[in-house]
Amino acid sequence: MRVVQTVTADAARRTALAAQGFTDRRPNGEPTRRHLKRVLERVRLLQLDSVNVAVRAHYMPVFSRLGPYSRELLDAAAWSHSAARPRLLVEQWAHEASLLPPEDWPLLRWRMRRYAERYGAHQEVVDQRSPGLSAEILAAVAELGPISAGELERAMGATGTAAKGGWWNRSDTKNTCEYLFGIGALTTGTRRGFERRYDLPERVLPAAVLATPEPEPADAARELIVRSAEALGVATEPDLRDYYRLPPKASQRAVAEAVESGALEEVAVRGWTRPAYRHPEARTPRTVTGRALLCPFDPLVWRRERAERIFDFHYRIEIYVPEPKRVFGYYVFPFLLDGRLVARVDLKADRQAGVLRAQGAFAEDGVEVPRVAAELAESLREMADWLGLDGVQLGGRGDLIGPLADCLRPVRRSVNPTPSIETITAVSETTGAPTPTAGAIPGRPTG
């Protein structure tokens, strides 16, 4: 009979934070490729998203764990290659569109076949309308890549006709490029801005990866579950499943097999209604200190039910909620302080004005507001400087706005001032005056 250890919810929280890299010491100097590799070994993948209201989603988790770093460091790891500095990341569907280690590519080949099964009927319609387009695109990419879908259309003389009411209303060329990407016939060679530039996998992936035999789907699912457990520390089966978006039956079987082989340990977490599973090498530190702003697509919080269970933090992204119905704001960052989510702030990088706008800031119940405000102010200063912005400007929503305004009053730097952060402003967007405390936090959303 297997003995199931019982752990406290607080221990599970600290285990999860350690697994995600929040107990690792930040670099003393400029973060290097070695520091980036350490983060990638923790989180396993970075989700890509087109929203750019503050900063692209894949850049922020690295900042949350390392502090200010050169985004070119991540760009080089994802979209360039040399013998001295081989590519560390490649794009494929994992937890949504993601950057992940090239060596994980073989584990996703069965998923690429599932993509072909799922969207094959859509592509058949495109193929009937544009016979030979897939082969023409592959030939053009082989000759011209890395290349964008728009450049392919022009190079091939395509009309770019959109199927009205069809698959995402894109042109046939763009549809086919996305389909070929999804099945692994194309991948991303590089990006210009955020535009994907397609290339052949054999010119992007290491030869050793391409030569790796494809594992059986059940073996691949089990290995992905173990990788999920490494990244999460301790988790329920649905948590583990969500990390790589595995099918439920495949995940449940993989978890059972991993427990049987000793690759996972079953534990009971007090207060959790489901069984939990811990990676055997997971660490549980006695304390967790430090602070970090987390973007909505950070692996620590992207599964909202898990964030609520671990941190008692009800969090929903409100991008698609009509503005009058938003509770906290359009693009809200949770604030992590000493291992707990203590506040949230609605952020926007106003590049034209040169400021980071904190349009609303809200404290969680029972927190020490003066300290939270002081720590959040420092994190906002740090983020503004990292983004090359001149300061922080506050809006008028939320019970933390007044305390933040007190902490963000203009400060002159007397020693080696850096022009981009010499003066940090905290003013009302409408009056230009210091903002008052904005009353009690609104009620929590229900969806």
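The values are calculated or read from the model by the stated rules, or taken from the named source; none is laboratory data. Every value quoted in this text rests on a predicted model; they were computed, and no experiment measured them. Note: ideal-geometry Cβ built from the backbone for every residue, glycine included; neighbour counts use all protein chains shown. Surface accessibility is based on the protein's heavy atoms, side chains included, excluding ligands, DNA and RNA. Shrake-Rupley method; radii C 1.70, N 1.55, O 1.52, S 1.80 Å.
Tabulated values for the structure
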{"item": "Residues of segment 258-290 classified as buried (at least 17 other Cβ atoms within 10 Å of the Cβ) and either polar (S, T, N, Q) or touching a Lys or Arg at 6+ places or on another chain (Cβ under 6 Å) (or both), total", "result": "5"}
{"item": "Selection count where residues are touching a residue at least 60 places away in the same chain (Cβ under 8 Å) and not basic (Lys, Arg), scope segment 185-194", "result": "5"}
{"item": "Pairs, first within 9 Å of Asp199 (Cα to Cα) in segment 139-159, second in a loop (DSSP other than H, G, I, E, B), C-beta under 8 Å, six or more apart", "result": "Val141/Leu186; Val141/Leu200; Ala142/Leu200; Gly145/Leu200"}
{"item": "Hey, Ala77 under 21 Å from Val209 (Cα atoms), without any contact (Cβ under 8 Å) to a residue 24 or more places away in the chain and not aromatic (Phe, Trp, Tyr) or not", "result": "no"}
{"item": "Matching option when the condition is surrounded by fewer than 22 Cβ atoms within 10 Å (Cβ to Cβ) and at pLDDT below 95, among Glu375, Glu368, Glu323, Glu382", "result": "Glu323"}
{"item": "Test for Leu186: is it open to solvent by 10 Å² or more (accessible area, probe 1.4 Å) and at pLDDT 90 or above", "result": "no"}
{"item": "Tabulated pairs, segment 32-48, first of a type in the set (S, T, N, Q), second part of a helix (DSSP H, G or I), C-beta under 9 angstrom, 6+ apart or interchain", "result": "Thr32/Leu73; Gln47/Pro61"}
{"item": "Test for Val4: is it surrounded by fewer than 19 Cβ atoms within 10 Å (Cβ to Cβ), touching an Asp or Glu at 6+ places or on another chain (Cβ under 7 Å) and in contact (Cβ under 8 Å) with a residue 24 or more places away in the chain", "result": "yes"}
{"item": "Verdict on Ala358 being among the small types (Gly, Ala, Ser), part of a helix (DSSP H, G or I) and either in contact with a strand residue (DSSP E or B) (Cβ under 7 Å, 6 or more places away or on another chain) or more than 16 Å from Cys295 (Cβ to Cβ) (or both)", "result": "no"}
{"item": "Some residue of segment 24-39 being part of a helix (DSSP H, G or I) and open to solvent by less than 20 Å² (accessible area, probe 1.4 Å)", "result": "yes"}
{"item": "Ala121 vs. criteria of a type in the set (Gly, Ala, Ser), loosely packed, with under 14 Cβ neighbours inside 10 Å and outside any helix (DSSP H, G or I)", "result": "no"}
{"item": "Check on Arg197, of a type outside the set (A, V, I, L, M, F, W, C), over 16 Å from Glu103 (Cβ atoms), open to solvent by 10 Å² or more (accessible area, probe 1.4 Å) and touching a residue at least 40 places away in the same chain (Cβ under 8 Å)", "result": "yes"}
{"item": "Selection status of Ala221, open to solvent by less than 30 Å² (accessible area, probe 1.4 Å), in contact with a helix residue (DSSP H, G or I) (Cβ under 8 Å, 6 or more places away or on another chain) and under 30 Å from Thr284 (Cα atoms)", "result": "yes"}
{"item": "Some residue of segment 97-105 being over 30 Å from Arg26 (Cβ atoms) and either more than 15 Å from the chain's Cα centre (by Cα) or modelled with pLDDT under 95 (or both)", "result": "yes"}
{"item": "Sole residue being touching a Gly at 6+ places or on another chain (Cβ under 9 Å) and of a type outside the set (Val, Ile, Thr), chosen from Gly182, Gly189, Gly193", "result": "Gly189"}
{"item": "Count - residues of segment 73-97 that are touching a strand residue (DSSP E or B) at 6+ places or on another chain (Cβ under 6 Å), part of a loop (DSSP other than H, G, I, E, B) and not aliphatic (A, V, I, L, M)", "result": "1"}
{"item": "Some residue of segment 368-386 being touching a residue at least 24 places away in the same chain (Cβ under 8 Å) and part of a loop (DSSP other than H, G, I, E, B)", "result": "no"}
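Residue-wise test of (1) under 25 Å from Arg44 (Cβ atoms); (2) open to solvent by less than 30 Å² (accessible area, probe 1.4 Å); (3) out of contact with any Lys or Arg (no Cβ under 8 Å at 6 or more places or on another chain).
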{"position": "His95", "(1), (2), (3)": "yes, yes, no"}
{"position": "Trp105", "(1), (2), (3)": "yes, yes, yes"}
{"position": "Arg129", "(1), (2), (3)": "no, no, yes"}
{"position": "Leu133", "(1), (2), (3)": "no, yes, yes"}
{"position": "Leu138", "(1), (2), (3)": "no, no, yes"}
{"position": "Leu152", "(1), (2), (3)": "no, yes, yes"}
{"position": "Gly157", "(1), (2), (3)": "no, no, yes"}
